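S.K.: The structure follows.
Values in this text are rule-based calculations from the coordinates and carry no lab data. Note that the structure is predicted; figures quoted are calculated from it, not measured.
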Amino acid sequence: MKMYPILLIAIILLVSTNQFGKDEFNEKIANLEHSLNKEDWVLAKKQMDDLSSYYDKNLWKVQLVGGEAEYKDLYETISRLRILIEEEDRTDSRMELETVKTLIEHIYSF
């Protein structure tokens, strides 16, 4: 009987919180992708900081909807992407960003 209120709160949160941040992740990824396509490395580095910060602040949400391996993979991919952007490697940065997009889609496909 005590589980019903917790379950109800979880369902309300899932429905009402923009799928726990998926739209924000996608917006940050789209902005970063645009900067990478233009090879604007200064802006890309700032947007990478923004994406990393957003991940850190919302890790609990990602953990709630994704499995342990998924959010760890996402963390590692974001870390690799940061390094590639620092090195101004356009091709590998874009490939790693696609991996981030795929992981986000997989995590939020509930």
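S.K.: How big is the equivalent ellipsoid of the range 21-108 along its three axes, where each semi-axis is √(5λ) from the Cα gyration tensor, reported in whole Å from largest to smallest? Working shown, then result.
M.R.: Values: eigenvalues 91, 30, 23 Å².
Gyration-tensor ellipsoid for the range 21-108: 21, 12, 11 Å.
S.K.: By a straight-distance test (C-alpha under 24 Å), which lysines pair with Lys57 as possible cross-link partners, with residues fewer than eight away in the same chain excluded?
M.R.: Lys22, Lys28, Lys45, Lys46, Lys72, Lys101
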